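Accompanying notes for the structure given below.
Coordinate-derived values only; no laboratory data. This is a predicted model, so every value here is computed, not measured. Here the Cβ is made from the backbone with ideal geometry for all residues, glycine too, and neighbour counts use every protein chain on show.
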Amino acid sequence: MDSILDLLYDQHNQPEFSDLQFILPGKNRVWQITRDNQHDLIIQEMNEVTLTKMIERRVSV
């Protein structure tokens, strides 16, 4: 299992938690676990499309 931690930095350059997601390799598929705005878990298969969306979201920040 891999995890990706997103941090934001305040005006004093102190890190603040922003988001956390997990990447779970399965026997035949790779799964991504994220949260929505209401903090409900979203479990979806990780593929080229979801990987591209994840990278684009991080680059646009």
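Electrostatic tally near LEU51: other residues with Cβ closer than 15 Å to its Cβ, Lys and Arg +1, Asp and Glu -1, net 0. Taking the longest Cα principal axis of the chain as reference, the axis of helix 48-59 is set at about 0 degrees. Add -39500 (n - 2.57) for each DSSP H run of 4 or more in the chain, then divide by its residues: what number comes out at 222 nm, to the nearest 500 deg cm²/dmol? So the calculated ellipticity at 222 nm is -6000 deg cm²/dmol.
With the charge dipole of the chain set up from +1 on Lys and Arg Cβ and -1 on Asp and Glu Cβ about the Cα centre, the Cα lying farthest toward the positive end among the listed residues ILE55, HIS12, ASN37 is that of ILE55.
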